[in-house]
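Here's the structure, in structure tokens; my notes come after.
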Amino acid sequence: RAKEAGGNRFALADPDSDARAITRHGLTNRLPTALERGEFFVEYQPLVRLSDGSVRGAEALVRWLHPVHGVLGPDHFIPLAESTGLIVPLGRWVLVQAARQARAWQLPRDDGPPVRVNVNLSPCQLEQPGLVTDFVAVLEEAGIEPTAICLELTETALVGAGEEALRPLRQFADLGVDIALDDFGTGYCNLAALRRLPVTTLKLDRSFTHGMQHRPVDPVDLKIVEGIVSLAHTLGMSVTVEGVETGTQAEHLRGLGCDTAQGWYYARPGPPERLHALSLVDAT
Ligand code: C2E
Ligand code: MG
Ligand code: MG
Ligand code: MG
């Protein structure tokens, strides 16, 4: 076992760190070829319109089916994929899957309201020359409109971003692609910066609504979210809340004017077939 763990002899004395060492070692070695081996898959989590509870679309969330460790969530490998550059082909692969899925959901309801699929975009991808051209090609190939995709970027990825990084985002926005500021409230996005960004949706981080899970709810929490919603709406942005786990939260968030919600209360991320069960196809 010590040999497997890279010859770390301390590993033998501490089975926990041994396991961690093997895990890290195994992930680092296997990640570069995981894409060509077909070990990734995408789960979808519904986005629900708070005013009427209808499913408007879903966020695509990548998973890695590791032959030894089983299903690994993105937190286990996205940072590694970003530091090794794999995120560029991986992110493109997720977009291809999401675009095909959007088409598959849209088809049966033809002229119905558009299905929107959200795709997370890594800041590394923003630096790729030809990103926008390639994006357009992927969507054409899948047979969907740019308005069927929402690109999610984290606040931390955008705050320090210079004009160079913002250019592709403006081009996406011009194409009608929705741009969401993910995990909003966890970074340091000041109001002036927010105004400068081509963002159409704020995705409120779940830390904001955590305190609304059960009664009694802290009135200050409510005021803060109310203020953010009002600011977003003033700037012409819609508000999505993530991490909604209880009916109490959902009720408060609807009352505060939030537009869309996502969380375990509605559905955990799952295979695309599950969205048919949630009647995405029939939503009007
Ligand atoms: P995110 O974009 O903020 O996605 C939401 C995360 O919250 C997901 O974690 C989701 O499973 C989790 N979640 C959803 N509802 C609830 C809830 O009610 N309670 C709690 N506690 N959690 C909830 P996941 O799938 O582990 O993804 C983690 C992060 O990995 C994502 O955060 C996103 O930043 C990143 N990610 C996922 N897929 C991709 C991808 O294709 N490309 C890139 N660049 N990043 C990705
Ligand atoms: Mg996201
Ligand atoms: Mg998020
Ligand atoms: Mg988050």
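The values are calculated or read from the model by the stated rules, or taken from the named source; none is laboratory data. As the structure is a prediction and not an experimental result, all values here were calculated from the model. Backbone-built Cβ (ideal geometry, glycine too); neighbour counts: all protein chains shown. Side chains are part of the model used for accessible areas, which takes the heavy atoms of the whole protein and leaves out ligands, DNA and RNA. Shrake-Rupley method; radii C 1.70, N 1.55, O 1.52, S 1.80 Å.
Below, the figures for the structure above:
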{"item": "Counted residues, the range 126-158 - those being open to solvent by less than 50 Å² (accessible area, probe 1.4 Å) and either among the aromatic types (Phe, Trp, Tyr) or within 16 Å of ligand 2 (Cβ to nearest atom) (or both)", "result": "11"}
{"item": "Set Arg92, Arg109, Arg116, Arg103: member being closer than 28 Å to Thr28 by Cβ and more than 16 Å from ligand 4 (Cβ to nearest atom)", "result": "Arg92"}
{"item": "Qualifying residue in the range 66-88 (condition: closer than 17 Å to Pro271 by Cα, more than 12 Å from ligand 1 (Cβ to nearest atom) and not hydrophobic (A, V, I, L, M, F, W, C))", "result": "yes"}
{"item": "Given (1) away from ligand 2 (no atom under 14 Å from the Cβ); (2) in contact with a helix residue (DSSP H, G or I) (Cβ under 6 Å, 6 or more places away or on another chain), index of the condition Pro216 fails", "result": "(2)"}
{"item": "Pair list, Cβ under 6 Å, 6 or more apart: the range 100-118 residue closer than 16 Å to Val177 by Cα, other residue open to solvent by less than 30 Å² (accessible area, probe 1.4 Å) and of a type in the set (D, E, K, R)", "result": "Asn118/Glu59; Asn118/Glu152"}
{"item": "Number of positions in the range 105-134 that are modelled with pLDDT of 90 or more and among the basic types (Lys, Arg)", "result": "1"}
{"item": "Of all residues making up the range 37-53, the number that are crowded, with 17+ Cβ neighbours inside 10 Å and assigned to a loop (DSSP other than H, G, I, E, B)", "result": "1"}
{"item": "Residue among Ala142, Ala81, Ala137, Ala58 that alone is at pLDDT 95 or above and within 15 Å of the chain's Cα centre (by Cα)", "result": "Ala58"}
{"item": "Any hit, the range 183-192, residues being within 16 Å of ligand 4 (Cβ to nearest atom), touching a Ser or Thr at 6+ places or on another chain (Cβ under 8 Å), open to solvent by less than 50 Å² (accessible area, probe 1.4 Å) and under 27 Å from Val132 (Cβ atoms)", "result": "yes"}
{"item": "Residues within the range 99-125 that are part of a helix (DSSP H, G or I) and crowded, with 20+ Cβ neighbours inside 10 Å, tallied", "result": "6"}
{"item": "Subset of the range 202-245 (residues that are away from ligand 4 (no atom under 16 Å from the Cβ) and under 17 Å from Ser54 (Cα atoms))", "result": "Ser238"}
{"item": "Of all residues making up the range 76-98, the number that are open to solvent by 50 Å² or more (accessible area, probe 1.4 Å) and either at positive phi or not in a helix (DSSP H, G or I) (or both)", "result": "0"}
{"item": "Residue list for the range 222-248, restricted to those being in contact with a Ser or Thr (Cβ under 7 Å, 6 or more places away or on another chain) and in a loop (DSSP other than H, G, I, E, B)", "result": "Met237, Gly243, Val244"}
{"item": "Every pair of residues 6+ apart whose Cβ atoms lie under 9 Å, when the first sits in the range 67-89 and is under 12 Å from Arg30 (Cα atoms) while the second is within 16 Å of ligand 4 (Cβ to nearest atom)", "result": "His69/His76; Phe77/Val62; Ala81/Pro74; Ala81/Ser122"}
{"item": "Selection count, the range 54-73, where residues are surrounded by 14 or more Cβ atoms within 10 Å (Cβ to Cβ) and more than 24 Å from Gly255 (Cα to Cα)", "result": "9"}
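Residue-wise test of (1) buried (at least 18 other Cβ atoms within 10 Å of the Cβ); (2) within 13 Å of ligand 1 (Cβ to nearest atom); (3) among the aliphatic types (A, V, I, L, M).
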| site | (1), (2), (3) |
| --- | --- |
| Arg206 | yes, yes, no |
| Gly211 | no, no, no |
| Val225 | yes, no, yes |
| Val229 | yes, no, yes |
| Gly236 | no, no, no |
| Glu245 | no, yes, no |
| Pro272 | yes, no, no |
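Residue-wise test of (1) within 16 Å of ligand 3 (Cβ to nearest atom); (2) touching a strand residue (DSSP E or B) at 6+ places or on another chain (Cβ under 9 Å); (3) not hydroxyl-bearing (Ser, Thr, Tyr).
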site	(1), (2), (3)
Leu151	yes, yes, yes
Thr154	yes, yes, no
Ile179	yes, yes, yes
Phe184	yes, yes, yes
Leu191	no, no, yes
Val199	yes, yes, yes
Leu202	yes, yes, yes
Val217	no, no, yes
Ile224	no, no, yes
